[in-house]
Amino acid sequence: MAIGIVVTGIALGAPTMAVGAGFAAAAPQAEGCHTGARVPTSDPHEYDSCIAGEWGNVRQCPPFTVVSQTPDGDIRCVNE
C-alpha cells in the first residue's frame, strides 16, 4: 500500500529547503504570482512556491517522494 504525504504549507517535521531568488527562472511564469501558488520545477523532488508575489522559494519534498501536481493546481509529495 502506498502512502502519500500532503504538503500544506506547514512543517510536519520533514526537512524543507529554501533556495535563494536565483532560481526564480524555474517557475513557468515570469515576475509576479499569486501568493500561495506552487508549481513543479525541473527537478522531480522540488517545487517552487510564490511568497509575497515572487517566485524563487524552492522547496524539497521529503526523502523517497516526488512532486505531483493535482488537477486543481495544488502540489503534493507522493511516494516514488
Note on the range 40-80: residues part of a loop (DSSP other than H, G, I, E, B), more than 8 Å from the chain's Cα centre (by Cα) and not acidic (Asp, Glu) are 42, 44, 45, 52, 53, 62, 63, 64, 70, 71, 73
Residue hits (the range 56-66; farther than 22 Å from residue 79 by Cα and open to solvent by less than 20 Å² (accessible area, probe 1.4 Å)) are 56
Against the condition modelled with pLDDT of 90 or more, open to solvent by less than 40 Å² (accessible area, probe 1.4 Å) and hydrophobic (A, V, I, L, M, F, W, C), how does residue 19 come out, does it pass?
no
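The values are calculated or read from the model by the stated rules, or taken from the named source; none is laboratory data. If you're wondering where the values come from, they're calculated on a predicted model, not measured in any experiment. Accessible surface areas use protein heavy atoms only, side chains included; no ligands, DNA or RNA. Shrake-Rupley method; radii C 1.70, N 1.55, O 1.52, S 1.80 Å.
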